[in-house]
Structure formats: C-alpha cells, structure tokens
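The values are calculated or read from the model by the stated rules, or taken from the named source; none is laboratory data. All figures in this text were calculated on a predicted structure; none of them were measured in a lab. No Cβ is skipped: glycine too gets one built from the backbone with ideal geometry, and neighbour counts run over all protein chains shown. Please note that ligands, DNA and RNA were not included when accessible areas were found on the heavy atoms of the full protein model with its side chains. Shrake-Rupley method; radii C 1.70, N 1.55, O 1.52, S 1.80 Å.
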Amino acid sequence: MLYPQMNKCRSLYSLDGIWQFYADRSENTFDNISSCNLPQTKNIAVPASWNDQYEDLFQFHGKGIYKKEFDVPQMWHGQEIYIRFGSVSGKAKVWINDEYVTEHIGTALPFEAAITPYLKFGEKNTVVVLADSTLDPWSLPPATLMEHEGRMGFAQSYPAVPYDFFPFGGIQRSIYLYTSPKTRIEDITIVSEINNKTAEVQFTVELNNSFTGRIEAEADGKVVNIPCKNTNSVSGKIILDNVRLWDIGEPNLYTLKVCLINDTVTDEYKETFGVREIKVENNRLILNGREIFLKGFGKHEDFHIIGKGFNHAVTVKDFALMKDIGANSFRTSHYPYDENILDMADKEGMLVIAETPFVGLNNRNYTDEVLEKAVSVINEMIKRDKNHPSIIMWSLANEPMIETDEGENFFKVMAETARKLDSTRPITFVAFYEPENTRGMQYYDICCINKYYGWYEWPGQIEESLDEFIKCADRFHKKFGKGIILTEFGADAIAGIHTEPPQMFSEEYQAKMIKLQYEKFREQPYAIGTHVWAFADFKTAQTISRIVFNRKGVFTREREPKMAAHMLKELWSEEL
Ligand code: BDP
C-alpha cells in the first residue's frame with residue numbers, strides 16, 4: 001500500500017493531534033456506533049498508545065473509542081477522499097458521520113478506505129474509531145496464554161500475554177485524510193537488476209480502474225512512456241547508467257515518478273527506491289557482490305509516555321545511536337514498524353530484517369483458519385514494504401514451536417507466500433527451541449536463532465556456558481546446513497548496578513557476556529550476523545523477572561548508554 005503523499009494531483013491532511021477518547025468497559029459489541037453516545041470522553045493524543053497517557057488507562061486492554069471532528073475543504077470536491085490509518089491496535093472499526101466505513105484486524109499494518117460518499121462539504125464531519133485491544137488468544141500474535149502454556153522468565157505475568165512486551169493499545173501511527181483522482185495509481189513495485197555499472201529498473205504500476213491514455217515514468221532524468229488501452233496494470237523498465245548502488249552507510253536513493261496522463265496529468269506518485277542486490281550464496285550473505293556480516297540489534301517501538309506511538313525524534317535518536325555504536329542492521333522485532341522508520345533506514349544506509357507480528361506461535365495455532373490470516377498479513381506487509389532497499393530479508397516469525405506436520409506445513413505455506421510476493425529477498429524465521437522443535441526451517445534461506453546462555457540457561461556462568469552455547473548453534477547448523485544469524489543474545493542490566501566480579505543484572509555482567517559470546521560466535525564458519533537483544537530497555541507485562549522494564553537494553557529506555565554500549569562501540573569499531 002502506497003504511503004499517502006502530497007503532490008500536484010493529491011492532497012493530504014493529517015488527523016494527528018488531540019482526539020476524544022472513551023474506554024468502553026461494557027459488553028457492547030459495537031455493531032452500530034450510533035448506539036454509543038460516548039459519555040465522559042477525555043482528550044487523548046494520536047499517534048500514541050493510550051496506556052501511559054492516563055493512570056486509569058494503564059491496564060486497560062479493551063475497547064477504546066476515539067472520536068474527532070473535521071471539515072473537508074471545498075476544493076476537494078470531485079476527488080476521491082480516503083482515510084488512512086498507519087496502525088490501530090487489535091480489531092479496528094471506523095464510522096464516519098455514524099455510518100460504518102471499514103474494519104481491519106491486526107496491529108502494526110495500515111488500512112484505508114474511500115470515504116467520499118460519507119462526507120459532508122461545508123459542515124462538520126465526525127470520525128469514530130473503535131480500537132478493540134481485548135487480549136485474544138486467537139489473534140495474531142496470540143495475545144493471551146492458554147492454561148498450561150507458559151515460558152521461562154514469563155511465568156504468571158500480568159497481563160498474561162505470551163510475548164515479552166507490553167500490549168500497548170490505541171491509534172499508534174498517523175492518520176491521514178488524502179485525495180487522489182478517481183482513477184489512480186494504486187501500487188508501484190520496483191525491482192532492479194545490476195549489470196556492471198548499469199541497472200535495469202523494472203517497475204509495475206497497478207491502477208484501481210482500467211485506464212486509457214499513457215503512463216509516464218521517470219527516474220534519474222530517464223523517461224519512458226507506456227500507452228494504455230483499458231488497462232489496469234502496466235510494466236516497464238528504465239536503464240540507469242553509472243548507477244550509484246545503495247549500500248551500508250551509502251544511502252544512494254532514486255525516485256521513480258509515475259504519471260497517469262490522458263491529455264493532462266491526472267495522477268502522480270513519487271516512489272523512492274535504491275538499487276542494490278542481496279542474496280545468499282554458499283550460506284553467506286552477499287550485498288552488492290560482497291560478503292557482509294550483520295552487527296546490530298533487535299529493537300522495539302517503545303518509549304516513555306507514547307508507548308508504541310510513532311515519534312520522529314525518537315526515530316532520529318535511535319538511528320544516531322545505532323550508527324555511532326557501529327551497528328549496520330536491526331530487526332523489526334516483533335512486528336512491522338512504522339513506514340517512517342523504514343524510510344529512515346533507507347536514508348541512513350542501515351540494513352533491516354523485517355519481521356511479521358507472528359511471535360510465539362505454537363502447536364495450537366497451526367490451523368487452516370490461522371494460516372489464512374497469516375498469509376494475508378504477509379501479503380499486507382510485503383506489499384507495504386517491498387520497495388525499501390534497506391530491507392534485506394523477511395523474517396516470518398519469532399520463536400515458534402514447530403513439532404507437528406501441521407506446524408511444518410504452516411511454515412512451508414508461509415515461505416511459499418513470501419517467495420511468490422518477493423523473489424528478490426531471502427526469507428528466514430527466528431528459532432528459539434532445539435532444531436527438532438524447529439521443523440520447517442528447510443524451506444527458508446537463513447537460520448536465525450535466539451540463545452540466552454549465561455542467562456536463562458546457565459545463569460551466572462558466562463565462560464562456563466560458552467562451549468554449550470556454540471554446541472547449540474552447531475546443532476542448528478548440522479541439522480539445516482544454513483548460515484546462522486544470532487538474532488538475540490544478551491542479559492538484563494539495571495543501569496547503575498555495578499559488581500566486581502560481574503554478576504547478573506550488573507552492567508559489567510551484560511557487557512562481558514555480550515563481548516564473549518559475540519567473539520565466540522563470530523569465529524564460527526556458519527556465522528553471518530549477530531543482533532544483541534536489545535537496543536534499549538522496553539516496557540513489558542509485570543512479572544517477577546522484569547523490573548518495570550525488560551532491562552536487556554544496551555541503552556536505557558531514555559537512550560542513555562550502559563557499559564555494554566561503550567564496549568560494543570569499541571568492539572565494532574575494531575572491525576571496520
Ligand atoms: C526472547 C524473545 C524476546 C524477549 C527475550 C527476553 O524473542 O521477545 O524479550 O527473549 O527474554 O526469547 O528478554
């Protein structure tokens with residue numbers, strides 16, 4: 001889905017700001033919004049999670065109702081008007097002027113709807129959004145533990161989510177009203193092939209209606225025109241000479257400007273892209289013909305007060321810190337991040353492993369019904385993010401338990417789905433259990449593993465567990481014969497706690513563990529990258545093993561460095 005933009009054929013208006021909010025604690029099913037008269041609303045900020053904006057919303061995991069009034073400018077008459085949500089937690093439903101407009105399931109991905117017929121020009125319009133964040137064991141990701149399900153370090157957490165981050169709720173990314181012509185550019189896919197110093201940039205433009213006229217595409221001063229006769233999809237190519245490749249720290253970007261022309265320009269969209277080639281060869285990761293090793297972090301969208309709300313300044317700060325420490329990559333654990341974060345990765349020359357929201361799948365999830373949902377989420381994610389040069393692989397799940405034929409088939413179908421949508425990037429998923437509980441890895445290109453030796457296993461014993469740690473990675477290599485990225489390893493450290501000799505929860509212990517495991521893993525012939533868990537401390541559910549936050553951050557939640565950050569900067573700069 002294209003990100004809304006302002007150009008000579010399209011207008012854009014942000015609905016971000018203060019909305020009215022009501023936390024509905026009733027059994028109302030909201031089939032019809034006029035049944036709800038929103039008593040006692042409070043002001044709430046959008047985009048942001050609701051939980052840390054008011055104390056009485058902290059543990060509210062239910063139906064949040066948002067309302068805002070807006071005017072529509074007369075000059076938008078004759079255009080198609082859309083409302084576009086970057087992400088609404090859980091199940092979202094939208095009404096405009098009391099009429100049902102659309103709904104969407106699943107946090108972390110956008111949805112939009114054409115709303116022209118519902119709008120009144122010259123009068124106030126009201127949009128109401130239901131963000132149903134009820135913790136549902138059957139959602140993706142499953143959001144509550146079933147009885148008998150539990151995990152080391154997470155026992156009896158409150159709320160009982162099966163994943164290790166706080167289930168923030170709300171409208172967490174920007175909302176836009178935007179216009180486009182009735183016949184419009186619906187999607188653009190750009191794939192390039194490099195041949196010495198030139199690149200063949202192949203593009204496909206999808207339209208929402210059939211169109212007669214021509215499509216003009218321009219990149220780097222090269223223009224092609226494609227005639228259209230009752231068509232709603234066209235493909236073409238542009239050759240770039242002396243192409244400047246996109247690479248780590250070399251964010252060379254181009255813009256493909258696409259115009260729909262019939263007499264005059266009726267629609268226009270400018271899509272940014274980069275030319276680079278990523279592949280797996282002999283189990284090594286090859287970027288632009290050169291072997292690379294990933295150094296970086298698993299992250300979260302998480303910050304004080306805004307929760308999972310997108311914020312430009314936090315994004316800028318995070319990239320500045322990652323670059324300063326010498327990281328070349330990060331993983332969007334455990335869900336697709338805001339498009340602005342991926343734009344930033346494109347602009348900063350930072351590599352990204354882009355992950356689905358499928359965290360903690362286990363045997364009970366491997367049904368046809370869940371698979372159908374998973375396939376549609378993979379579609380939504382790849383369609384949204386396919387043109388980002390920073391994304392070098394898709395991670396289709398985090399730490400699934402896969403022991404059954406149903407589980408293996410589930411992962412086979414997910415792999416096929418991703419490959420069909422995008423044949424240009426490797427795919428992976430992140431394993432946690434042993435190789436025998438990680439069936440399905442054979443359908444993927446790269447094996448990612450999360451390992452916590454010296455923490456959940458062999459607590460307090462960093463040196464003593466090093467051999468066991470490597471033996472475990474060896475088992476994955478022996479079974480699957482693939483290159484391995486250590487996507488998570490690390491230790492909680494409470495900033496300011498110091499012990500000598502290093503002990504668990506001290507800054508010394510965290511720094512020592514990361515250093516020794518990094519160096520040991522890096523020596524292994526199959527190692528193709530390591531991501532420390534985590535970039536910064538982050539909010540979780542409450543449980544005895546979390547001291548307000550997960551403290552495995554190399555930076556605090558405020559983004560101040562712990563000893564491990566200084567150590568990594570030294571370690572990674574030695575490797576340049
Ligand atoms: C890993 C999970 C991650 C957790 C981490 C931890 O992938 O989400 O936060 O453990 O326990 O298994 O810190």
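Computed values, structure above
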| quantity | calculated |
| --- | --- |
| Relative contact order (percent, whole number), the range 8-100, Cα cutoff 8 Å, 6+ residue spacing | 33 percent |
| Accessible area of the range 203-304 divided out per residue, in Å², using a probe of 1.4 angstrom | 44 Å² |
| For the range 55-102 versus the range 447-475, the gap between their alpha-carbon centres in whole angstrom | 47 Å |
| Dipole magnitude (debye, nearest 20) for the range 301-573, charges at Cβ of Lys, Arg, Asp, Glu | 340 debye |
| Excluding exposed DSSP-loop trypsin sites (Lys or Arg not before Pro) (at most 12 other C-beta within 10 Å), longest clean stretch of the chain | 198-576 |
| Entries in 91/386; 124/373; 279/347; 279/562 that, when Cα-Cα distance is taken, lie over 29 Å | 124/373; 279/562 |
| Residue among 260, 286, 316 farthest towards the positive dipole end of the range 254-348, charges placed on Cβ | 286 |
| Which of 485, 415, 462, positive extreme of dipole for the range 398-520 (C-beta unit charges) | 415 |
| Residue 464/residue 498 FRET efficiency (R0 25 Å; Cβ-Cβ; nearest 0.05) | 0.70 |
| Normalised convex hull volume, the chain, alpha-carbon set, Å³ per residue | 149 Å³ |
| Whether the range 185-273 is rounded, prolate or oblate, judged on the alpha carbon gyration tensor where a/c under 1.5 counts as rounded | prolate |
| Spin-label model distance (nm) - residue 519 vs residue 1, 7 Å beyond Cα toward Cβ | 4.8 nm |
| Cα centre as origin, Lys/Arg/Asp/Glu Cβ charges: the range 185-273 dipole, Debye | 240 debye |
| Mean separation of Cα contacts under 8 Å (6+ apart) over length of the chain, as relative contact order % | 12 percent |
| Cβ-placed point charges (K, R +1; D, E -1), dipole of the chain about Cα centre in debye, nearest 20 | 860 debye |
| Largest-first principal axis extents of the Cα set of the range 301-573 (Å) | 52, 42, 36 |
| Rel. contact order, % - alpha carbon contacts under 8 angstrom, at least six apart, the range 347-472 | 24 percent |
| Fraction of accessible area attributable to carbon and sulfur, the range 1-104 (%, probe 1.4 Å) | 47 percent |
| Given 13 as the ceiling on other Cβ atoms within 10 Å, longest exposed-site-free region of the chain for GluC sites (Glu not before Pro) in DSSP loops | 148-522 |
| Subset of 197/420; 295/479; 451/479; 512/569; 93/270 violating a 19 Å alpha-carbon distance limit | 197/420; 295/479; 93/270 |
| Counting DSSP beta bridges with both ends in the chain, the antiparallel % (nearest 5) | 75 percent |
| Local electrostatic count at residue 32 - Lys and Arg +1, Asp and Glu -1, tallied over other residues with Cβ under 11 Å | -2 |
| Residues whose placed amide H lies under 5 Å from that of residue 232, excluding near-sequence neighbours | 211 |
| Percent antiparallel among DSSP beta bridges (both partners in the range 301-573, rounded to 5) | 15 percent |
| Entries in 63/308; 63/323; 120/308; 8/308; 63/317 that, when Cα-Cα distance is taken, lie over 29 Å | 63/323; 120/308; 8/308; 63/317 |
| Lys/Arg +1, Asp/Glu -1 at C-beta; the chain dipole; positive extreme among 33, 18, 431 | 18 |
